[in-house]
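J.: Please see the structure below; I have some questions.
The values are calculated or read from the model by the stated rules, or taken from the named source; none is laboratory data. Please read all numbers here as calculations on a predicted model, not as lab measurements. Neighbour counts run over all protein chains shown; Cβ positions are idealised from the backbone, glycine included. Surface areas here come from the heavy atoms of the whole protein model, side chains and all, with no ligands, DNA or RNA. Shrake-Rupley method; radii C 1.70, N 1.55, O 1.52, S 1.80 Å.
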Amino acid sequence: DAEQVARNASAGKGQILRVGFTQIAAQTVVVDALSAFRVVHPDVRIRLFEASSLPLERMLEGHRLDVAFLHPPIQTSGLRHKVLREEVGLRLKLHADANPDQIISYPNVEAPNVMTRISEELDTAFVGTGAACTADTVLGAIVLARSGYGDALVPETFRHPLIDTSIQREATLFQTTLFTAVSIRSTDRRELVEDLFALAKNQAPVENSP
């Protein structure tokens, strides 16, 4: 009957929530957020998409995602976000023959503010100049670092077998803060979307928000 249909709709039964995430977010905030969401909405199906931050923003903007876990600063208008986690990075040397003056860079278009801070800290005009090596994701940077193309910049808590099994591993603390956030469209007020956004915030240890 109509009442049962309304109850099912409120519970999200049969609905699919499209959630995007980065590799870093997967290791830090996504599991806790989705676990909490499943308790509240056990009948909602989740469709996961993995990408770097800017593609996730564009998918949100284009209504191809409902919620994204990514890394500010947000470059796309019409999105709101809440910072869930912040941590410093590590500069990892994972190959004995790697040039100590070369760092694997991330595209400036993907993370302009982060790359600018890295450039300033290294006192160089362009990070990665001379190495000609760029990675769209942290895993890509680790692969290049293990192959000897330079050092990788990764979050302090990031874990991967390519790091753990490296015979040549040197880590230096890098004072550049990486933020991880949950983001949705500002105009999207659907209950399921708002609930995941709120639950992600509730699971996060970070109190301050942009």
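J.: Please go through the range 138-154 and pick out each residue that is touching a Cys at 6+ places or on another chain (Cβ under 8 Å), modelled with pLDDT of 90 or more and closer than 8 Å to ALA98 by Cα.
T.: TYR149
J.: Tell me, which residue of the range 13-23 that is at pLDDT below 95 and open to solvent by 20 Å² or more (accessible area, probe 1.4 Å) is nearest to LYS201 (Cα to Cα)?
T.: By that ranking, first place goes to GLN23.
J.: Let me ask another. Does the range 110-121 include one or more residues that are open to solvent by less than 50 Å² (accessible area, probe 1.4 Å) and either at pLDDT 85 or above or at positive phi (or both)?
T.: Checking the range 110-121: not a single residue is open to solvent by less than 50 Å² (accessible area, probe 1.4 Å) and either at pLDDT 85 or above or at positive phi (or both).
J.: Taking the conditions exactly as written (of a type in the set (D, E, K, R), touching a strand residue (DSSP E or B) at 6+ places or on another chain (Cβ under 9 Å) and not in a strand (DSSP E or B)), does ARG91 satisfy them or not?
T.: Taking the combined requirement at face value, the residue does not satisfy it.
J.: Return the total of residues in the range 53-86 being touching a His at 6+ places or on another chain (Cβ under 8 Å), in a loop (DSSP other than H, G, I, E, B) and of a type outside the set (A, V, I, L, M, F, W, C).
T.: Going through the range 53-86 one residue at a time, the tally reaches 1.
J.: Something else now. Can you name the residue in the range 154-185 that is open to solvent by less than 20 Å² (accessible area, probe 1.4 Å) and in contact with a Ser or Thr (Cβ under 8 Å, 6 or more places away or on another chain) and is also farthest from VAL31 (Cα to Cα) among such residues?
T.: Per the criteria, the residue is PRO155.
J.: Further question: Would you tally the residues in the range 146-167 being in contact with a Lys or Arg (Cβ under 7 Å, 6 or more places away or on another chain) and polar (S, T, N, Q)?
T.: Residues meeting the conditions: 1.
J.: Go through the range 55-80 and give me each residue that's open to solvent by 10 Å² or more (accessible area, probe 1.4 Å) and under 20 Å from THR137 (Cβ atoms).
T.: PRO55, ARG58, MET59, ARG64, HIS71, PRO72, PRO73, ILE74, GLN75, THR76
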